[in-house]
Amino acid sequence: MFDRKIYIERRRILSGKISSGIILFLGNSNADINYQGNSYPFRQDSSFVYYFGLMLPDMAAVMDVESGEEIVFGDDVDVNDIVWTGPQPLVKELADSVGVSRNEPLRALAEYLGDAVRKNRRIHFLPPYRYQTKMLLNRLLDVPFDEMEESASEELIRAVIGMRLVKKDEEIAELEKAAEIGYRMHYAVMKSARLGMKEQELAGLMDGIAMQYGRMTSFPTILSQNGETLHNETHNQILTDGRIIVIDAGAEALSGYVSDFTRSIPSSGKFNSRQKDIYEIVKSANEYFPVIARPGETFESLHLKVVRLMLEGLKGLGLVKGDLDEAVSCGVQGLFMPHGLSHHIGLDVHDLSSMGRKYMGFDDTYRKFLGTAQPATAMGKTLEAGYVVSNEPGIYFIPALIEQWKSEGKNKEFVNFSALEDWYDFGGIRLEDDILITADGCRLIGTHRLPISIEDVENVMGE
């Protein structure tokens, strides 16, 4: 939690961006696993954290743009609660800690909003992404469930995105803390992985470190020898010689800011020649990104430059053929990397993605992504100083996708389908770092960088 002055200033700036009405922020509630009282680890709504800094469930807040009044809604615990949770701060104390002078019980929110509706005042809210929040919005404002995204305030969405995407110094410091935890997680796996181990042992090691030094993992840990499955969250295999483990994992610091790193390591501790060939192509792409990333570049331009470099490497292996510029324009890269090169990182691991791709992927002057697969994570907008983004090129051999393209004759003039048959058992390789866009270029987030060269990875795994 930051100094109360930071939250006061954030809310002041936000109010100045909204023309009129009331801004409503709904915090998250606990989500039960299998019965009430046995809940998943609580995770507060990121925008609520950004403007009000309070990490407790069942809270809400409003900001009256005209009067300047701010109210935090929440309930003090009673004796029955204290038996289970222990003493808790009063809501008045919590509100005061972030510079809000008025608080009300949560039940008063319905009356407050009802009065505003009767007066025909505009109530601004962000797109909800949890079912509990959707049900609450339906009850409070009578918004039909199938109209919630379109009923969300575009004015508020744009204002929040504009503020949250550009990271201030205090936020960068927290992202550095999350990166340090992520470093510990990945480094522990590199040192511990041995043939015959279960993937689950390594995934559990990573998750434990995330909880040891932070709040939790920033998303469910991806650790699998089937790296061609992009979000493979199963960990039921035994580490086997000749396979690559793709490890995509990060941590959430106590402040809520997160990290997101990927490394691909040989199960045996040593890369074979075929693995080295693909690894070096992906590594070159990963290291090319920070050379060209700077304000004024677009996500699309970076994506297309990096994937062309990877296609050049694949052509050298005889897997791709023909004119590479034409191949890129036809989308050949989508066969080997069917995802975007980069996404924002902040209080969310895909920062602000709940706002919708329409707003997050593009801006007023750059509205379409000209890459081929149009993956959901792809973006086209212009980079700005203060953005924190991922750099995650990858090459995957996905038999089902290759077979589909082959049967359709898709891009057959650029793809050597017969040669690809020997790669069906390869899996995939992805390498990801977190990058801060600076005034004149970019730099890595984190005081350490995870080992990435073949030599360094093998040396750590051999320790």
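Kindly provide the set of residues from the range 403-415 that are within 21 Å of L309 (Cα to Cα) and either in contact with a Gly (Cβ under 6 Å, 6 or more places away or on another chain) or of a type in the set (A, V, I, L, M, F, W, C) (or both), ordered by number. Those that are within 21 Å of L309 (Cα to Cα) and either in contact with a Gly (Cβ under 6 Å, 6 or more places away or on another chain) or of a type in the set (A, V, I, L, M, F, W, C) (or both): E413, F414, V415.
Go through (1) under 21 Å from H339 (Cα atoms); (2) open to solvent by 80 Å² or more (accessible area, probe 1.4 Å) and name the single condition P393 misses. Result: P393 passes all but (2). For the range 66-95, a residue qualifies if it is in contact with a helix residue (DSSP H, G or I) (Cβ under 8 Å, 6 or more places away or on another chain) and outside any loop (DSSP other than H, G, I, E, B), and the qualifying residues are E70, I71, V72, F73.
State which residue is nearest to P128 (Cα to Cα) when the search covers only the range 174-206 and only residues that are open to solvent by 50 Å² or more (accessible area, probe 1.4 Å) and in a helix (DSSP H, G or I). Here the residue is K177. The residues on offer are M135, M148, and the sole one that is assigned to a helix (DSSP H, G or I), among the hydrophobic types (A, V, I, L, M, F, W, C) and open to solvent by less than 80 Å² (accessible area, probe 1.4 Å) is M148. Kindly establish whether G334 is closer than 18 Å to I402 by Cα, of a type in the set (G, A, S) and modelled with pLDDT under 95. So G334 passes the test. Taking the numbered list (1) farther than 21 Å from S20 by Cα; (2) open to solvent by 70 Å² or more (accessible area, probe 1.4 Å); (3) in contact with a Phe, Trp or Tyr (Cβ under 8 Å, 6 or more places away or on another chain) in turn, N103 passes all entries but (2).
Rundown of residues vs (1) closer than 26 Å to E326 by Cβ; (2) in contact with a Gly (Cβ under 8 Å, 6 or more places away or on another chain), yes/no style:
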| residue | (1), (2) |
| --- | --- |
| F397 | yes, yes |
| L401 | yes, no |
| S418 | yes, no |
| W423 | yes, no |
| D434 | no, yes |
| D440 | no, no |
| I445 | no, no |
| I454 | no, no |
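Looking at the range 283-364, the helices (runs of 4 or more DSSP H) lying wholly inside it that each contain 1 or more residues that are surrounded by fewer than 19 Cβ atoms within 10 Å (Cβ to Cβ) sit at 299-316, 324-330, 357-360.
The values are calculated or read from the model by the stated rules, or taken from the named source; none is laboratory data. Quantities reported herein were computed from a predicted structural model and do not represent experimental measurements. Every residue, glycine among them, receives a Cβ derived from its backbone with ideal geometry; neighbour counts consider all protein chains shown. Quick note on the areas: whole protein, heavy atoms, side chains included, nothing else; ligands and nucleic acids left out. Shrake-Rupley method; radii C 1.70, N 1.55, O 1.52, S 1.80 Å.
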